[in-house]
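Inspection log for the structure reproduced underneath, given as structure tokens.
Here, each number is a calculation from the coordinates, and none is a lab measurement. This one's a predicted model, so the numbers in the text were calculated from it and none came from an experiment. Heads up, the Cβs are rebuilt from the backbone with ideal geometry, glycines too, and the neighbour counts pull from every protein chain shown.
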Amino acid sequence: MIIISILLLGVLGILMATILTIAHKKLAVSVDEKVSLLTKVLPNANCGACGYAGCENYAEAIVKGEAEPNRCTVGGKEVAEKIGEILGIKVEAKEKMVAVLTCQGGIEECKERFFYDGHLDCKEANIIHQGMKACPFGCLGLGTCVNVCPFDAIKIDKKKRLPVIDENKCTGCGICVKECPKGVLKLIPKTKLVYLACISPDKGKEVREICKVGCFACGICVKVCPYDALKMEKNLPVMDFEKCTDCGICYQKCPTKSYVDKVKKRPYALIDTTCNGCGECVKVCQFKAIEGKPGERHKVIIEKCVGCGECFRVCPVKAITMVGALGYTKKEV
Amino acid sequence: MNISPAKVFFASFLVQNILLMRYIGLCPFFGVSTRISTSFGMGLAVIFVMLLATLITYPIYHFFLVPLNLEFLRTASFILVIASLVQFVEMFLKKSYRQLYNALGIYLPLITTNCAILGTTFLVIDYRFHLLNTIIFALGTGLGFMLVIILFAAIREKLDYAPISHSFKGYPIAFIAASLVSLAFLGFANLFGASL
């Protein structure tokens, strides 16, 4: 009995092993070597930001020449370079993007018009009179973006009832931007630190009545921007990210604090005793933050200084130091 | 056992549904039922593997194990045969039917040695079905699996949005929901006189 059972199972095992071995050889699918190499390089998050169903499909499309090799926003520069190495071509990486919430109207700032007791889903809430928020353009905060994010990068701040995006986890795939029924999520370059967090094109008075932090198009930021990066369009300042230097003056001057400044602490300039009063720094300062008579030691007005570092760069005697510049380490992402 | 194929079908499909009445195969039932799309793929894979597995194990049991008096070996030999077979089929699909492979791809190895599959192959033996009934039973069980897992995925998709207290979130509420659906399926008892 024991011998028969051992034999039977043994024979079965050997038989199956043989069949599988033969099948492995005969039925081997010849995958293009480049495809498997590319699939290994790609992040394999299968987020679909490139427009293909998954990383493998995208790799196949690259090899066939149907897709550009720099479409992967998740992998960014590194992956694009590696893809270039494999294909033997030069690839210019797309700028890394990050999703931001362009609305600051939490339940404190922007009151609710009625109590919404339905499904906790923005799309469904949006069907009913454009949602319960007083502002028809404001974030509903029910978390559709949280549910669709494949990287777990969005959470709801329960106090404000607004989503908070974890910049370290966000890969800029843009799925939340597509899914948000209000369109308050936006992709901006990861290196940019200042942006306007309001999308209401309503006139000033209307915005003021319903939201404490909404932009009412006063135009102060446009006037105050030394780099000409802001333009008024449809009651909203539009930022030209090419020109913006993240100085943050718009954030400082904005009466409603409609801007968001991601720099936690800005540095400021400090002029020491070696200053010979040449006045170079006064000329270059866009914010009129340096004063002093010619020939004497100049002084920085700390309240006005935004820490752009222009004076630091031009000072011929190196009398200027930037103090408290911790915030700038964030820029090297 | 002599029983009409129609009865076998309804018994396996609804009355004694493998997931809700027998409570076999819970791991894919709870693991894959979070989205309707994935549960649909899983359901297809289960139907496919279940048919294959019962078809291959039926002759092995009746032509090898029974004559040699080795019925006690059925667990080991069935697992061996089913696992190898599914592996083989997966390779075959990858080579010849790429579309089908893409649809079933990741679910095939998942379901291979699942208790639902093994349980079905045992049940057809325990019920002493002839070949036709065996195929009908496997098909009905597979379809029943698919029906229930898709139904349940729909419920779970809605559960995600429901305000559920923290301690019940996730699996606990899923189990409660499953037992309620199971109770609902009790309503099918003795449908068309089908019971095994």
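Spin-label pair A:LEU87-B:SER182: with each label point 7 Å from Cα along the Cα-Cβ axis, the two points sit 5.3 nm from one another.
Take each residue in A:116-128, count the other chain C-beta atoms within 10 Å of its C-beta, and the mean is 1. Pairs of alpha carbons in the stretch A:1-105 separated by more than 23 Å make up 50% of all such pairs.
Residues B:MET146, A:MET232, B:MET42, arranged from fewest to most other Cβ atoms within 10 angstrom of their Cβ, appear as A:MET232, B:MET146, B:MET42.
Once the Cβ-Cβ distance of B:LEU100 and A:LEU270 is raised to the sixth power relative to R0 = 56 Å, the FRET efficiency obtained is 0.20.
The calculated FRET efficiency for the pair B:LYS169 and A:PHE114, based on their C-beta separation and a Förster distance of 45 Å, comes to about 0.95. Per residue of B:84-91, other chain Cβ atoms within 10 Å of the residue Cβ number 4 on average. Taking a straight Cα-Cα cut-off under 27 Å and skipping sequence neighbours fewer than 8 places away in the same chain, the lysines within cross-link reach of A:LYS64 are A:LYS25, A:LYS26, A:LYS34, A:LYS40, A:LYS77, A:LYS82, A:LYS90, A:LYS94, A:LYS96, B:LYS94, B:LYS95.
By the beta-carbon count within 10 Å of each Cβ, the least crowded to most crowded order of A:ARG266, A:ARG161, A:ARG113, fewest first, is A:ARG113, A:ARG161, A:ARG266. Relative to the longest principal axis of the Cα atoms of chain A, helix A:76-87 runs at roughly 50 degrees. From the alpha carbon centroid of the stretch B:1-73 to that of the stretch A:46-66 is 37 Å. Sorted ascending by nearby beta carbons within 10 Å, beginning with the fewest, B:TYR97, A:TYR195 become B:TYR97, A:TYR195. With a 10 Å cut-off around each Cβ of B:62-75, the average count of Cβ atoms from other chains is 2. Note on the stretch A:178-249: Cα-Cα pairs beyond 20 Å make up 35% of the total pair count. Packing around the peptides A:116-124, A:37-45, taken as the average count of other Cβ atoms within 10 Å per residue, puts them in this order, highest first: A:37-45, A:116-124. Once both labels are positioned 7 Å from their Cα atoms along Cα-to-Cβ, the gap between A:ILE156 and B:ILE155 label points is 2.4 nm.
A straight Cα-to-Cα reach below 16 Å connects A:LYS182 with the lysines A:LYS123, A:LYS133, residues fewer than 8 places away in its own chain not being considered.
With a simple spin-label model that places each label point 7 Å from the Cα along the Cα-to-Cβ direction, the separation between A:VAL282 and A:ILE14 comes to 10.0 nm. Helical content of the protein assembly as shown, expressed as a calculated mean residue ellipticity at 222 nm, amounts to -13000 deg cm²/dmol (DSSP H runs of 4 or more residues, -39,500 (n - 2.57) each, divided by residue number, nearest 500). Figure legend: label point modelled 7 angstrom from the Cα of B:HIS62 along Cα→Cβ; residues of the stretch B:1-22 with amide N under 11 Å from it are B:1. Dipole magnitude for the protein assembly as shown: computed about the Cα centre from +1 point charges on Lys and Arg Cβ and -1 point charges on Asp and Glu Cβ, it is near 1140 debye. For chain B, the equivalent ellipsoid derived from the alpha-carbon gyration tensor has semi-axes of 29, 22, 14 Å in decreasing order.
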